[in-house]
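Notes follow once the structure below has been shown.
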Ligand SMILES: CC(C)(COP(=O)(O)OP(=O)(O)OC[C@H]1O[C@@H](n2cnc3c(N)ncnc32)[C@H](O)[C@@H]1OP(=O)(O)O)[C@@H](O)C(=O)NCCC(=O)NCCS
């Protein structure tokens, strides 16, 4: 088990984005990291999507993409990524989140620590609510979100909607 202090969030610059992609290729499924643009696996389109996504998200919640991504580091090693995207339709300040970790960093408390840090970032950015959507079959994500205080709603389309009031 890692302690809180072992897990930090780091802004994604070009060098960190390269390290994240290397981790994703080595230690995660492509579908956990990026939408399936251009077909399965890490093709040119999906790789281009990955870099342009993190580049746009570098401008933060107040930038044109209204989105911010971070790399998660655990014990000085790159472990995965978390993101926040402002929900411009919501009636109170709300951001949607997502997270992925390399397989070798899962089930050790890293996700829980990263999510707590992310919620603190959301609070600092003035958000009142953070939401996430995951698949009904993703027990790990649901446990992670519930442990962070999320209320979970099972929808008919096979997804689960999570809401954390900050
Ligand atoms: C989901 C994910 C981020 C969880 O991170 P993690 O570091 O493994 O989670 P933690 O070790 O901090 O565990 C958090 C809670 O989830 C539980 N958990 C973690 N993995 C689990 C699994 N595969 N099945 C069931 N429960 C699991 C832990 O027991 C813990 O519960 P507790 O606090 O009640 O003890 C990680 O497994 C992952 O990257 N998965 C692939 C991508 C993904 O599914 N992202 C979520 C999309 S919304």
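Throughout, read-outs are computed from the coordinates displayed, never taken from laboratory work. Since the model is a prediction, treat every value here as computed from it, not as a measurement. All Cβ positions, even for glycine, are placed from backbone atoms using ideal geometry, and neighbour counts span all protein chains on display.
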If I model a spin label as a point 7 Å beyond the Cα along the Cα-Cβ vector, how far apart are those points for residue 25 and residue 156 in nm? 4.4 nm
Yeah, the chain with a ≥ b ≥ c from its alpha-carbon gyration tensor (a/c under 1.5 is rounded, else prolate when a/b outruns b/c, oblate otherwise) is rounded
Defining a contact as two alpha carbons under 8 Å apart and six or more residues distant in sequence, what relative contact order in percent does the range 31-118 show? 17 percent
Neighbour-count order for 88, 159, 153, 94, fewest beta carbons within 10 angstrom listed first: 88, 153, 159, 94
What 222 nm value per residue comes from the helices of the chain, counting each DSSP H run with n ≥ 4 as -39,500 (n - 2.57) and dividing by all residues, nearest 500 deg cm²/dmol? -10500 deg cm²/dmol
Relative contact order, percent, of the range 4-165 when contacts are C-alpha pairs under 8 Å separated by at least 6 residues? 19 percent
